[in-house]
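Here is the structure we will look at.
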């Protein structure tokens, strides 16, 4: 492996280390080599928070559906999910791509962060975009809508497999997201993918140095076999 060894002990330091060295594109490349070309969420689910950040963490899934009236226990399952979150978790909220309401916002982001959560992937609408930016809380969504989700969209399942951006995601999968988009690594492949991705990052850094020093692109590709 190129570079210092990463401590795989579960916790914030593990995810921080990965976020400092990996990015969505290199993880996608590695998954391609393993025959998993189906792990990149569809374009359109984009960062709503500015800055040069990479989100890496463990998926915690929730599924929301449209509703026409106020539920008996508003936000019940969503709040239960957030109350149970732990260090390194990423909220993955599958809303079918609907932007009929703001499923996620500033107060929820504050609660997720306080629980140790690292970010949110919302296949739907979000709101409180200015507050999310003030919090610098990594969030991707389909767009913004100031409308409350109450009596519009409701979470009906948590910690169950969901489809988000055309990708099946389960709680425990590894999420890697940045300005390019989101890649999700099945839990069973995490160790292999992380090791191969770190190796590829090392090779890319050497190739980048040689290109900057004037090596022809074709020669660099012949030497490193990456692009």
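Please treat every number below as a calculation from the coordinates, not as lab data. Only a predicted model underlies this, so the values are computations on that prediction, with no experimental measurement involved. Note that each Cβ is placed from the backbone with ideal geometry, even for glycine, and that neighbours are counted across all protein chains shown.
Observations
- Helical mean residue ellipticity (222 nm; -39500 (n - 2.57) per DSSP H run of 4+; nearest 500) of the chain: -10000 deg cm²/dmol
- A convex hull fitted to the Cα coordinates of region 166-227 yields 110 cubic angstrom per residue.
- Mean Cα-pair separation over length for the chain, i.e. relative contact order, pairs under 8 Å, 6 or more apart, %: 28
- On Cα atoms only, tilt of 24-33 relative to the major axis of the chain in degrees: 70
- Burial ranking of peptide ranges 32-40, 170-178 (average Cβ count within 10 Å, highest at the top): 170-178, 32-40
- By definition, a body whose alpha carbon gyration tensor gives a ≥ b ≥ c is oblate when a/c is 1.5 or more and a/b is not larger than b/c, and region 59-161 fits this oblate description.
- For the chain, the share of DSSP beta bridges that are antiparallel, to the nearest 5, is 50%.
- Gaussian network model of the chain, springs between alpha carbon atoms under 10 Å - residue of 121, 169, 158 with greatest fluctuation: 158
- Take the Cα of residue 148, step 7 Å toward its Cβ, do the same at residue 168, and the gap between the two points is 3.7 nm.
- Take the Cβ atoms of residue 159 and residue 222, set R0 to 45 Å, and the FRET efficiency comes out at 0.40.
- The label-point distance for residue 12 and residue 70, in a model that sets each label 7 Å from Cα toward Cβ, rounds to 3.8 nm.
- Matching label, semi-axes √(5λ) of the Cα gyration tensor in Å computed from the structure shown, candidates (i) 30, 20, 15; (ii) 34, 17, 16; (iii) 28, 20, 18: (ii)
- Separation of region 99-120 and region 10-40, taken as the distance between their Cα centroids, equals 23 angstrom.
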